[in-house]
Amino acid sequence: MLSSTLFIIQFFFSVVIGIYFLTLLKSQQVNKGAIEKEAKKELEKLRRMREIKLTEPLSEKTRPTSLDEIIGQEQGLKALRAALCGPNPQHVILYGPPGVGKTAAARVILEEAKKMPMSPFKKDAKFVEVDATTLRFDERGIADPLIGSVHDPIYQGAGAYGVAGIPQPKPGAVTKAHGGILFIDEIGELHPIQINKLLKVLEDRRVFLESAYYNSEDTNIPSHIHEIFQKGLPADFRLVGATTRTADEIPPAIRSRCVEIYFRPLVAEEVASIARNAAKKGGFDIEEGVPELVAKYAQNGRDAVNIVQIAGGIAQVEGKDKITRKDVEWVIEFGHYSPRIDKKIKVEERVGCICGMAVYSAATGMLIDIEATALKASARGQGVIKITGIVEEEEMDGKGHKLKRTGTARASVDNVMTVLKKFFDIDCREYDIHVNFPGGIPIDGPSAGVAIAVAIYSAVKNEPIRSDIAITGELSIRGKVRPVGGVTAKIEAAKLAGIKKVIIPRENWQETFNEMGLEIIPVDEITEAMEHVFRKSFKKREEIPLQNPSVTVLSASGAQT
């Protein structure tokens, strides 16, 4: 009787358990069927979406696919090839305004490097492009698409590994670019923590990840995850960073590890060529003179392509087969495009006026007008000097605190007054002198020193200066012409403006200047510069002597001689 009762109980529980598992199985099958049905619907949606294709944008059609198609960057391309196509490619930072071909150049150069037997880039080397302005970064370490992160078991969606308590490494862009190029657009926008992590990766060529859930003695963790945590993820790539910022805005630590290459702004003729090419690739006929009109307003290649595309759209909508000036003028008007500032000099002789040379943005050269007037002071020795067009005081960000200093152009004028007195017997206190920098252009004071001296001398002596002469150089109180920065960019801007003669510090001289197509004169002293400008000889004076006898200087450790 007891055994029968036990049998019945066992049978009952067996039936219950069987029903439970049968119901569970049916539920899983129903869920699986529903999931498969939903998956089929989503796949069908994706298939239909992929069948819908718009026409290829003109910007993609005009994207350069070879070095010959990149216009106006011969020097930059030469430097980029030298940095990336050799047997030991370097990390690179590309400076330059937007729309001049930085990204396209890096892509094309990698393809060229792959074809070279001496290059370490293999045929399957990848070009991984990321934008620093959109890189999502979590300070908690949950996600880092640049360096990589670990998906710990506690996070939702950890899957089978998460159920087993196994941390899962997620490779970042630095690992995806292994063996190729990692291109970071607007690299100056990276978070400081990301920059520090990136520097470590550049040094180690590996990425080391950490997780509180990793145990080197846990036998349940797969061997490949053990290897990742113990030996790191491979990240041997070459960094190419692009930025529209100036070099001093990029952290020095990353600059020191990179070759710095500058892409210059495009000139009007180059923009016109891009406009012609865009019209051709877009299938548009274009009226004569339209490319030149586009070049008057487009600041770069991207602007030119956009203007041509919209103007071409107008022509097609109106049933025309040619882009006309009227179409382009309408695009310029509604797009609020401003005309390019391309300075062209008018050859003449002027008293008190000289062309100085400056650099702005990412090594972009430009000419600046410097003009001076000088009138006899109303009272002897009571002359005043007035400077307009520059900032009298500058404010700089000095790592968390603000620094203020007197404008450097004002300091240059003070040096000029000393030099004019000593070398040319011009006592500026006898004159009311007005030095003006028209246009409100930022002035790099030290490099304008020699030009300011020439302008004031011309105004005081009433001697004219040819307008096709440009000068750059810092002037010391001993009359020496000291070296300045950005000379190559300055000379290129002078050439485009129609300048025939450029005077530069001798220490800035390079043999390549002989190939730039204009007369470039290196000088050591202010008297040499004056002789070339005014075409007459000046008597050289002795340098300012050192103080003699010696003077006593007070210091914290006592008086010293």
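Values quoted throughout were computed directly from the atomic coordinates according to the rules given, and no laboratory measurement underlies them. Model, not experiment: these values are computed from the prediction. Please note: Cβ atoms are built from the backbone with ideal geometry, for glycine as well, and neighbour counts cover all protein chains shown.
Quick look at the values:
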{"read-out": "Over region 202-264, equivalent-ellipsoid semi-axes from the Cα gyration tensor in Å", "value": "38, 11, 9"}
{"read-out": "Point-to-point label distance, Glu515-Glu69, nm (Cα→Cβ direction, 7 Å offset)", "value": "2.7 nm"}
{"read-out": "Span-like helix ranges in the chain, DSSP H, alpha carbon extent 30 angstrom or more, Kyte mean at least -1.0", "value": "2-51"}
{"read-out": "Those GluC sites (Glu not before Pro) in region 143-219 that DSSP places in a loop and that have at most 15 other beta carbons within 10 Å", "value": "Glu210, Glu217"}
{"read-out": "Ellipticity estimate at 222 nm from DSSP helix runs (n ≥ 4, -39,500 (n - 2.57)) divided over the chain, nearest 500", "value": "-12000 deg cm²/dmol"}
{"read-out": "Relative contact order, percent, the chain [alpha-carbon distance under 8 Å, six or more residues apart]", "value": "11 percent"}
{"read-out": "Cα convex hull of the chain - mean projected area over all directions, nm²", "value": "46.2 nm²"}
{"read-out": "Gyration tensor over alpha-carbon atoms, region 470-519, equivalent ellipsoid semi-axes in Å", "value": "20, 11, 9"}
{"read-out": "Between region 85-149 and region 235-301, the Cα center-to-center distance that results, in Å", "value": "17 Å"}
{"read-out": "Arg205-Leu43 pseudo-label distance in nm [points 7 Å out on the Cα-to-Cβ vector]", "value": "4.3 nm"}
{"read-out": "Net length gained if the chain between Lys78 and Glu287 were fully extended (0.36 nm per residue, minus Cα distance)", "value": "71.8 nm"}
{"read-out": "Region 268-334, Rg to Rh (Cα coordinates; Rh as Kirkwood inverse mean 1/r)", "value": "0.91"}
{"read-out": "Cβ-based exposure ranking for Phe334, Phe424, in which fewest neighbours within 10 Å come first", "value": "Phe334, Phe424"}
{"read-out": "Amide H partners (placed H, <5 Å) of Ile521, local residues excluded", "value": "Val502, Ile503, Ile504"}
{"read-out": "Region 231-378 - Rg and Dmax from Cα coordinates, angstrom", "value": "22.4, 82"}
{"read-out": "Contour excess over end-to-end distance, with Cα ends at Ser223 and Gln90 and 0.36 nm allotted per residue", "value": "44.5 nm"}
{"read-out": "Point-to-point label distance, Asn215-Arg325, nm (Cα→Cβ direction, 7 Å offset)", "value": "8.2 nm"}
{"read-out": "Computed E for Arg50/Arg506 - FRET, C-beta separation, R0 51 angstrom, nearest 0.05", "value": "0.20"}
{"read-out": "Beta bridges per DSSP with both ends in the chain, % antiparallel, nearest 5", "value": "50 percent"}
{"read-out": "Sorted by Cβ density within 10 Å, fewest first, the residues Asp321, Asp204", "value": "Asp321, Asp204"}
{"read-out": "Sequence-distant residues sharing a close amide H with Glu129 (under 5 Å, placed H)", "value": "Phe183"}
